[in-house]
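The structure appears below as structure tokens.
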């Protein structure tokens, strides 16, 4: 049976489109994963709450820039190491600091290489190293049971990695993913993304090594990272984690929900004698 010429042309164009999209996915994945906004070192922030800036010189060409939002109390309860999402820089996420500082916790937000005032080439290994260096700095001032590790979206990668390597009071994950290839495969299921993606950030692997209590926040209407990712991460640590579901929550609006605000406030009020058995599991 001879295939009609119009059908052949459709197949040809489909294969060409498949190939071009695949090539773009491979070579332009940086543009899909990160959206940094660079700042000059001398630039000033316009935050309306107190803060300090710290530069951690890691290598000749690498600087980890850190903004430390302080509390009104001279003796803070502890510190939240906040690893932000994939857009712009600390300026975009600073508005979340009062949720923690109002409860007596300092908030340390670091920009990844290429973001804000940090310098260096963005890479998974360097982001992991930055998390370790920030933790080391925190341990000069705080005990491990005073350190809360918080990750938002992309930041759940370094946050989960850090909590798997160092002791902390709590790991909090907002809109986490199983891994970057797992997110890509949700949108580009027709491609072998596991082999194509240069970033991994395998939360599904690192979460298994976390000894601290884990809280996961995720909305059911998240169009960027499916809610199913949070469910699977919870199922990997069912005796250590709690999953807080925000009905109709999207990827960017969870902090507007009173449910999340109240639950987060409860976590921050827990003292250091908090035990895993007292977790309120779903």
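The values are calculated or read from the model by the stated rules, or taken from the named source; none is laboratory data. Only a predicted model underlies this, so the values are computations on that prediction, with no experimental measurement involved. Glycine also receives a Cβ, built like all others from the backbone with ideal geometry; neighbour counts cover every protein chain displayed.
The residues of the stretch 208-241 that are within 16 Å of residue 168 (Cβ to Cβ) and either touching a strand residue (DSSP E or B) at 6+ places or on another chain (Cβ under 7 Å) or in a strand (DSSP E or B) (or both), listed by number, are 210, 212, 213, 214, 215, 216, 237, 240, 241.
Which of the residues belonging to the stretch 41-60 are assigned to a loop (DSSP other than H, G, I, E, B), out of contact with any helix residue (DSSP H, G or I) (no Cβ under 7 Å at 6 or more places or on another chain) and surrounded by 10 or more Cβ atoms within 10 Å (Cβ to Cβ)? 41, 43, 50 - these are the residues of the stretch 41-60 that are assigned to a loop (DSSP other than H, G, I, E, B), out of contact with any helix residue (DSSP H, G or I) (no Cβ under 7 Å at 6 or more places or on another chain) and surrounded by 10 or more Cβ atoms within 10 Å (Cβ to Cβ).
Scan the stretch 63-86 for residues that are within 18 Å of residue 143 (Cβ to Cβ) and assigned to a strand (DSSP E or B) and the total you get is 5. Flag: residue 198 matches the condition of being within 22 Å of residue 128 (Cα to Cα), touching a helix residue (DSSP H, G or I) at 6+ places or on another chain (Cβ under 8 Å) and in a loop (DSSP other than H, G, I, E, B). Look through the stretch 244-269, keep the residues that are within 19 Å of residue 169 (Cβ to Cβ) and without any contact (Cβ under 8 Å) to a residue 40 or more places away in the chain, and return whichever of them is nearest to the chain's Cα centre (by Cα). Applying the filter and picking the extreme gives 244. Of the residues making up the stretch 144-170, those that are in contact (Cβ under 8 Å) with a residue 40 or more places away in the chain, surrounded by fewer than 22 Cβ atoms within 10 Å (Cβ to Cβ) and not in a helix (DSSP H, G or I) number 2. Screening the candidates 75, 101, 71 for the property of being at pLDDT below 95 and crowded, with 18+ Cβ neighbours inside 10 Å yields one hit, 71. Suppose we filter the stretch 251-267 for residues that are in contact with a strand residue (DSSP E or B) (Cβ under 7 Å, 6 or more places away or on another chain) and over 19 Å from residue 157 (Cα atoms); how many remain? So the count comes out to 5.
Evaluation of residue 154 against the conditions (1) over 14 Å from the mean Cα position of the chain (by Cα); (2) over 22 Å from residue 240 (Cβ atoms) shows that the sole unmet condition is (1). Is it fair to say residue 182 is over 22 Å from residue 253 (Cα atoms), within 16 Å of the chain's Cα centre (by Cα) and either free of Cβ contacts under 8 Å to residues at least 24 places away in the same chain or surrounded by 21 or more Cβ atoms within 10 Å (Cβ to Cβ) (or both)? Here the answer is yes, as residue 182 does meet what is asked.
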